[in-house]
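**Student:** Let me begin by handing over the structure; questions about it come next.
The values are calculated or read from the model by the stated rules, or taken from the named source; none is laboratory data. Because the structure is predicted, anything quoted here is derived from the model rather than measured. Using ideal geometry, Cβ is built from the backbone for each residue, glycine included, and neighbour counts are taken over all protein chains shown. What goes into the accessible areas is simple: the full protein's heavy atoms, side chains included, and nothing from ligands, DNA or RNA. Shrake-Rupley method; radii C 1.70, N 1.55, O 1.52, S 1.80 Å.
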Amino acid sequence: NGSSWTTATAGPFSVYNAAGGGTQTAYVATGGDLGPAINTVTAEWNGASWSTESAFPAAKNGASGAGTQTALVSTGGSPAPTVATYYYNGTSWSDQSASLNTARYENTNSSCGTQTAALLVGGEVPPFVANVEEWNGTAWSDQNAIPTATRQIATSGIQTSALAYGGEVPGPAVTAVTLAYDGTTWSTSTSMATARRGPGGLGEGALSTAALASSGHDGSANTDATEEFTVAAAVKTVTTS
């Protein structure tokens, strides 16, 4: 709630690297690793309970998700890095017959934006990649890459105003670096206090002035650290005569 965490109703499956999108009271999750099987169940959260919906068309682990509970786009994922793109409309999934330019996985929280204006950052082929692609509702296009190849990076924001933070870089080593994207170029912003890969991030609706990072892996163990990113709005004083 902006200050503290409370325990809510458990989901219908124990899974990690699931794709998803939406808000605190209207969320959808699908795919992910059940250990050792890969999940195809799609589940929706209404703020109080979970319900099982139409199955994901293919078993995917580490796919991306961007958008809302009733308008989601998902792409990538393993067991083999894939380029397939799918839409979810709140009821069923459809194959968009559109391919990523670079097949990849380890993108669970690496996509943000909307169903028709999404951003996908980094991932793994292997090796780790720095590739960035934008989705316009019809096709994926390559954009300026992030400075360092990174997998399990988190993102928040929209296609023209986004943040990418954390992740794992070659070495391998976790990172605390935060990058800001203006729709064209990437710039370095304030780093997180806790370097980590796979943190939970915010999806559609948060600009590059506000983000949340929670949990993840700090390189040696899981972490429950939660951090908020905020940028104070600049105030311009105008004197008239």
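**Student:** Identify the residue in region 129-149 that is over 18 Å from S187 (Cα atoms) and more than 16 Å from the chain's Cα centre (by Cα) and, among all such residues, is surrounded by the most Cβ atoms within 10 Å (Cβ to Cβ).
**Tutor:** Of everything passing the filter in region 129-149, W140 is surrounded by the most Cβ atoms within 10 Å (Cβ to Cβ).
**Student:** When you go through N107, N39 one by one, which is the residue that is open to solvent by less than 30 Å² (accessible area, probe 1.4 Å) and either in contact with a helix residue (DSSP H, G or I) (Cβ under 6 Å, 6 or more places away or on another chain) or modelled with pLDDT of 95 or more (or both)?
**Tutor:** N107
**Student:** Does A195 satisfy the condition of being open to solvent by 20 Å² or more (accessible area, probe 1.4 Å) and either outside any strand (DSSP E or B) or within 16 Å of L119 (Cβ to Cβ) (or both)?
**Tutor:** Yes; evaluated as a whole, the condition is true for this residue.
**Student:** Another one. Restricting attention to region 54-84, and to residues there that are of a type in the set (S, T, Y) and in contact with a Leu (Cβ under 7 Å, 6 or more places away or on another chain), which single residue is nearest to R151 (Cα to Cα)?
**Tutor:** Applying the filter and picking the extreme gives S64.
**Student:** Okay, moving on. Could you check region 110-126 and list, in sequence order, the residues that are open to solvent by 30 Å² or more (accessible area, probe 1.4 Å) and in a loop (DSSP other than H, G, I, E, B)?
**Tutor:** Those that are open to solvent by 30 Å² or more (accessible area, probe 1.4 Å) and in a loop (DSSP other than H, G, I, E, B): Q115, T116, V125, P126.
**Student:** Still on this model: Tell me the residue from T209, T175 that is at pLDDT 95 or above and farther than 22 Å from A19 by Cβ, please.
**Tutor:** The conditions single out T175.
**Student:** Residues S14, S49, S3: which one is modelled with pLDDT of 95 or more and surrounded by fewer than 22 Cβ atoms within 10 Å (Cβ to Cβ)?
**Tutor:** S49
**Student:** For A58, are the conditions met, namely being of a type outside the set (D, E), open to solvent by less than 40 Å² (accessible area, probe 1.4 Å), in a strand (DSSP E or B) and farther than 21 Å from G157 by Cβ?
**Tutor:** Considered against the rule, which asks whether it is of a type outside the set (D, E), open to solvent by less than 40 Å² (accessible area, probe 1.4 Å), in a strand (DSSP E or B) and farther than 21 Å from G157 by Cβ, A58 comes out as no.
**Student:** Further, regarding this structure: Residue by residue through region 87-104, note down the ones that are surrounded by fewer than 24 Cβ atoms within 10 Å (Cβ to Cβ), hydroxyl-bearing (S, T, Y) and in contact with an Asp or Glu (Cβ under 9 Å, 6 or more places away or on another chain).
**Tutor:** Selection gives Y87, T91, S92, T102.
**Student:** Do you know which residues across region 61-83 are surrounded by fewer than 16 Cβ atoms within 10 Å (Cβ to Cβ) and touching a Gly at 6+ places or on another chain (Cβ under 8 Å)?
**Tutor:** T70, V83
**Student:** Against the definition (hydroxyl-bearing (S, T, Y), under 21 Å from A164 (Cα atoms) and either part of a loop (DSSP other than H, G, I, E, B) or free of Cβ contacts under 8 Å to residues at least 24 places away in the same chain (or both)), how does S97 come out, yes or no?
**Tutor:** no
**Student:** What pairs can you find where one residue is in region 104-129 and over 17 Å from N61 (Cα atoms), the other is part of a strand (DSSP E or B) and open to solvent by 10 Å² or more (accessible area, probe 1.4 Å), and their Cβ atoms are less than 6 Å apart, with a gap of 6+ or different chains?
**Tutor:** Listed by first residue and then by second, the contacts come to G113/I158; Q115/A71; L119/E134.
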